[in-house]
Amino acid sequence: MHNNHFLSRKETMMRFYEGQHRFYCGIDLHSRTMCLCILDQAGKVLVHDDGPCDPERFLRLIEPYRDDLVVACECTFHWYWLADLCAEHQIAFVLGHALYMKAIHGGKKKNDKIDAQKIALLLKGGMLPQAYVYPRGMRETRDLLRRRMYLVHHRAELLTHVANTNSQYNLPPFPKKLCYKANRGGVAEQFTNPCVAKSVAIDLELLEHYDRLITELELYLVRHAKIDDAYAFHLLRSVPGVGKVLALVLLYEIHRIERFAAAGEFLSYARLVAGRGSSAGKPKGVMGRKIGNAHLKWAFSEATCLLIRQSPQAKRFVARQQKKHGKARALAILAARLGRAVFLILKRKQPFDVQRFFAS
């Protein structure tokens with residue numbers, strides 16, 4: 001990592017698709033409809049069609065141009081079926097990065113046909129910023145893992161509601177943490193109003209249901225991880241502070257470490273380092289904070305806190321950095337160092353080495 005905790009220009013540069021083809025197909029994709037535009041090498045519009053998201057219709061429209069065609073659409077939530085269809089029929093497919101494309105193809109007039117043609121033009125001109133096309137197989141497990149996070153957030157909301165209700169009526173604080181089932185006995189009964197007691201009882205019953213669902217889901221995900229890539233899962237568990245849940249997040253959000261050419265690219269993707277802008281030789285501040293994988297950012301933030309809790313060396317490291325940069329920056333530096341370590345662990349296929357990690 002750079003000493004100033006910023007990425008170099010090479011590490012932050014967006015990736016464009018620069019492949020050369022005879023035909024370029026841009027698609028403005030929606031949940032039920034799609035607008036398709038096909039251009040030739042001269043930029044002439046060969047097809048400009050708007051209709052339903054029908055795989056047979058799509059294959060029929062592109063059939064005359066399939067011998068050397070590339071297809072592109074924006075990275076919205078409904079691209080899976082199109083990417084899988086192209087992979088099945090061996091058609092080149094490019095996924096456009098939504099945030100980068102928003103900055104590139106703005107305009108005064110906007111509709112589906114204009115957007116489809118702009119995507120095709122960006123593709124033909126080698127200016128389409130790419131997002132990663134997560135292939136079918138592990139992608140479904142990754143989405144299930146993200147669904148687990150949704151359940152955990154709802155469970156936290158229930159715990160917060162019970163605690164807030166307790167504070168509303170100025171009752172004594174709960175002696176033990178309610179996140180554990182054994183500590184929830186008699187909680188609803190301490191509220192004298194029957195409606196309030198019923199509300200809290202519903203929360204507690206839902207908590208039991210969420211506890212069971214989350215536990216079953218975690219066991220299911222761990223079994224899948226051991227099938228998909230047991231060795232990488234084992235390597236990630238070797239990092240202090242990385243338990244089974246964090247190892248699952250890292251495994252499925254990274255997918256294949258080989259898709260990152262250098263550690264800097266991985267740190268940028270995980271939002272562990274800041275981008276920096278400049279104009280006419282003058283710095284323009286930090287930028288690109290929302291570019292990257294928010295799930296990896298969360299995982300490394302959690303792993304950093306757990307590492308500090310478990311490792312005296314980590315505590316000393318953060319204390320030294322805190323004197324120079326403040327607490328927030330010190331934690332960010334350790335998180336970036338941990339991200340680089342994970343990159344090297346997966347790249348070299350070697351377990352975490354505490355002595356090497358703190359050697360410098």
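Legend: Rg and Dmax of the chain, from Cα coordinates, 24.9, 78 Å.
By how many nm would the segment from Lys324 to Ser199 grow when fully extended, if each residue of separation counts as 0.36 nm and the alpha-carbon distance is taken off?
40.1 nm
As a calculated quantity, the FRET efficiency between Thr192 and Ala280 at R0 = 56 Å, using C-beta atoms, amounts to about 0.20. Each Lys and Arg adds +1 at its Cβ and each Asp and Glu adds -1 at its Cβ; summed about the Cα centre, region 209-253 shows a dipole of about 140 debye. Measuring from label point to label point, each 7 Å out along Cα→Cβ, what is the Lys102 to Arg32 span in nm? Going from the Lys102 label point to the Arg32 one covers 2.5 nm. Among beta bridges identified by DSSP and lying wholly in the chain, the antiparallel ones come to about 65 percent.
For the listed peptides 113-124, 270-281, a ranking on the average number of other beta carbons within 10 Å per residue, highest first, reads 113-124, 270-281. I need the shape label for region 246-357. Rule: rounded when a/c is under 1.5, else prolate if a/b > b/c, else oblate, with a, b, c from the alpha carbon gyration tensor. Here region 246-357 falls in the oblate category. For Cα pairs less than 8 Å apart in space and 6+ apart in sequence, what is the mean separation divided by the residue count of the chain, i.e. the relative contact order in percent? The normalised contact order for the chain reaches 16 percent. Close amide H partners of Ala92, meaning residues 5 or more places away or on another chain with modelled amide H under 5 Å apart, are Leu69, Val71.
Using 23 Å as the Cα-Cα cut-off, could you pick out the over-long pairs in Lys297/Lys347; Lys102/Lys284; Lys102/Lys327; Lys110/Lys284; Lys282/Lys323? Table pairs above 23 Å Cα-Cα are Lys102/Lys327; Lys110/Lys284; Lys282/Lys323.
Here, each number is a calculation from the coordinates, and none is a lab measurement. All values derive from a computational prediction rather than experimental measurement. Note that we place each Cβ from the backbone using ideal geometry, even for glycine, and neighbour counts take in every protein chain shown.
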